[in-house]
Each structure stands twice: as C-alpha cells, then as structure tokens.
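Undergrad: Here it is, the structure in full.
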Amino acid sequence: MNPLYEPFPDYVTVKGKKVRIVTDFREYIKLIDLLKDDEVDETEKKELIACWFLDDPGSDFEECLQALTDFVINYRETKASEGEEGNEDNTKHDPVISYNQDAPYIISGFLECYGIDLTEIQHMHWWKFQMLIDGMNEDCELKKRMGYRSIDLNQIKDKEERERIRKIQKQIAIIDHEVTSEEIGDAFGNMMF
C-alpha cells in the first residue's frame, strides 16, 4: 500500500470478505492497554475486542482477531517484508515507546513537528499515527527517548560513553510493560474460542 495515493484501510480481510474495523489511533492504544490488563480475563477480553469490529465477524472470529493483529502491526511489517526496512534476524527487541509513559512526549512531539493537537483532533488513522511518529525529527524529545532506548550497550566500545548512555536509559526506562507486536499476536493466539 502506498499512502501517497491509496487510502488507509478501514477493514480487515478474512476469507476474502471485508470486515470493517475501528481505525482511530486512540482505540488501538486502548486495545494495547486491554491486552496488558491482567485483571480482565480472557473471556471478557474477547467480548471487548469484538467492539473493534464494525461488522459482525460471525463464525470467523478467530481469523478476524488474527487479521486485527496484522492490522495493528501491518504498517511496519509490510515495509520489513518488502525489504525496505527492518532486521533480517527474528530476535525479539525491547519496546522503545510506551503510549502511557510517553504520552506527554507524544502529544508535544505532534505539536512540535506537525502542529497537530492530538487531544483535539477528531480522528487519525492508526497507521497515519504510526507513520507520523516514525517521521518525527530526531531533535524531538520523543525520538530522542526512542533512540536512547534502542541503543545496544554491548555495541558501545567506549566505557565512559557506555556508562553515560546506561544512565540515560535507566532514567527513561519503560516502567509499564508495553505490548510488542509478538505479544499482541501471542495474546490473540492464546485466547481460546
């Protein structure tokens, strides 16, 4: 999909059938929070997740969940699978952004970089939201935090620099566990139907 001339999808495809879904970025941050919430049992999560579908998923609910999982992570996965970006290895990486902990930096980053007030905007597609985060300038505080979190300390040879970055990483460490794309898939996959 090329967002320069194709509209963002508002559906997932299951067995050749289009199932319309909610697309606003806020809803996917809520979904990620729901998946992290240990106080909500799997049955209730399944019922709540059904709210992300605007059309009745019918008997294909499990496949609809997989399609929704793909939608949540598809923007990046599509680029990686096309060889435009991404790692060739399948190692698991720590998250570099927390939608809860970094909320002030996300809001201020959108204002600084794009003049968009996320607290007032009516709707923004999840993929557009992700693309705009990826495209923020490197001087933006959110991008600096993400950059420091992504640094592998084992790759830094200079002992003083390694210690400096370790201190920064400790100060900005993600305290609340964020759900990675692998964990989103696992969470949906572990739900019994």
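The values are calculated or read from the model by the stated rules, or taken from the named source; none is laboratory data. Everything numeric here is computed off the predicted structure, so don't read it as measured data. A quick note on method: Cβ atoms are made from the backbone with ideal geometry, for glycine too, and the neighbour counts reach across all protein chains shown. SASA here: full protein model, heavy atoms, side chains in, ligands and nucleic acids out. Shrake-Rupley method; radii C 1.70, N 1.55, O 1.52, S 1.80 Å.
Undergrad: Among (1) over 20 Å from D134 (Cβ atoms); (2) at pLDDT below 85, which single condition is V19 missing?
TA: (2)
Undergrad: Pull out all pairs, ordered by first then second residue, where Cβ-Cβ is under 6 Å, the residues are six or more apart or on different chains, the first lies in the stretch 21-49 and is among the β-branched types (V, I, T), and the second is open to solvent by less than 50 Å² (accessible area, probe 1.4 Å).
TA: What qualifies is I21/V12; I21/W52; I21/F53; V22/W52; T23/H125; T23/W126; I29/Y99; I32/V179.
Undergrad: Any residue in the stretch 30-42 that is closer than 19 Å to I133 by Cβ, open to solvent by 90 Å² or more (accessible area, probe 1.4 Å) and under 16 Å from the mean Cα position of the chain (by Cα)?
TA: yes
Undergrad: Residues that are surrounded by 10 or more Cβ atoms within 10 Å (Cβ to Cβ), within 18 Å of the chain's Cα centre (by Cα) and modelled with pLDDT of 95 or more: which helices (runs of 4 or more DSSP H) entirely in the stretch 116-193 hold 2 or more of them?
TA: 126-135, 141-150
Undergrad: Give all pairs with beta carbons closer than 9 Å in which a residue from the stretch 150-177 that is in contact (Cβ under 8 Å) with a residue 60 or more places away in the chain meets a residue that is in a helix (DSSP H, G or I); count only pairs at least 6 apart in sequence or on separate chains.
TA: Between residues of the stretch 150-177 that are in contact (Cβ under 8 Å) with a residue 60 or more places away in the chain and residues that are in a helix (DSSP H, G or I), the close pairs are I174/R149; D176/K36; H177/K36; H177/E183.
Undergrad: Just checking, which of S108, S59 is in a helix (DSSP H, G or I), at pLDDT 90 or above and either under 19 Å from R26 (Cα atoms) or open to solvent by 40 Å² or more (accessible area, probe 1.4 Å) (or both)?
TA: S108
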